[in-house]
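Input: a single structure, listed below in structure tokens.
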Amino acid sequence: MLKSTLPLLLVFSLGLCGVVIYEGKGDECDTLLYAETFILTLGGVQTIDLTKLNATATCSSGPSMEISFGDAADNVTSLKVSVGFSGTDTGYWSSDIMNVTYNDGTDDISLSGKFKTHLISKSFSFACSLPSVTTLNSNPAGKKGKVTLNMYQLQAFNVADSKFLDSYQCVNYISKGAWMGIFGGVVMIVVLILSIMMLFSTSTPDRFETSKSKCLIIPHEH
């Protein structure tokens, strides 16, 4: 679904009422990320609200967007979150992978996971009002995490004047609940039509028993 997006004045990071906007610029690439919810969870217990941290964003060829948050906690320093994108020769793009790197005070930790968006035209940005949870794992295994995005918008190509293009929405025209209602309604209509056809096909008897007619005898064996 296509929806016009109001022009947004971009800064590297704008922390206003939990809303952040990042613009990553680099050599021949420019990327945008808008998010109302941007949360990093490490080990299932430590939660970091990234919208409350100061950050800078850069862009490198690929393209990929890297957001540097610095020291987020005593055991999470030099925190960086990067998102990789890919484009096709036919003019479409999507996101591919998300990486999180930090130092836990002892070792440098690298986590990665698949972060997929719909394949859309480079003439549009991607927006989603549904929660997106990216599960992250380390290599070698041992560390886990996840990144939660909600009410977010991405653009990896054709950024001009720090503004999003019209957006392709992740929400379908018809929800699952609506499809269930439509399917149930169709089944009920089919049952009703079949019932009416059966009633119309019922014929009344053309001969009736009278006092002068012979009684109906049904033979049976003893």
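The values are calculated or read from the model by the stated rules, or taken from the named source; none is laboratory data. The structure presented is a predicted model; accordingly, all values stated were derived computationally and were not measured. In this analysis, Cβ positions are derived from the backbone assuming ideal geometry, glycine residues included, and neighbour counts consider all displayed protein chains. Side chains are part of the model used for accessible areas, which takes the heavy atoms of the whole protein and leaves out ligands, DNA and RNA. Shrake-Rupley method; radii C 1.70, N 1.55, O 1.52, S 1.80 Å.
The table below gives the values:
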{"quantity": "Added length on full extension, which subtracts the Cα-Cα distance from 0.36 nm per residue, ASP166 to ASN103", "calculated": "18.9 nm"}
{"quantity": "Distance in nm between pseudo-label sites at LYS176 and THR202 (7 Å out along the Cβ direction from Cα)", "calculated": "4.2"}
{"quantity": "5 angstrom amide H check on LYS163, placed H, neighbours 5+ away", "calculated": "none"}
{"quantity": "5 Å-binned pair-distance histogram of the range 56-166 (Cα, whole percent)", "calculated": "2, 11, 19, 23, 19, 13, 7, 4, 1, 0"}
{"quantity": "Listed pairs LYS25/LYS122; LYS143/LYS176; LYS122/LYS146; LYS80/LYS143; LYS25/LYS52 exceeding 25 Å between Cα atoms", "calculated": "LYS143/LYS176; LYS122/LYS146"}
{"quantity": "Accessible surface of TRP179 - all protein chains present, 1.4 Å probe, nearest 10 Å²", "calculated": "140"}
{"quantity": "The range 74-211 - percent of accessible surface contributed by carbon and sulfur, probe 1.4 Å", "calculated": "59"}
{"quantity": "Computed accessible area, ILE39, all protein chains, 1.4 angstrom probe, square angstrom", "calculated": "50"}
{"quantity": "Rough spin-label spacing in nm, given labels placed 7 Å along Cα→Cβ, for GLU36 and SER60", "calculated": "3.3"}
{"quantity": "Cβ crowding within 10 Å averaged over residues, with 121-132, 137-148 ranked highest first", "calculated": "121-132, 137-148"}
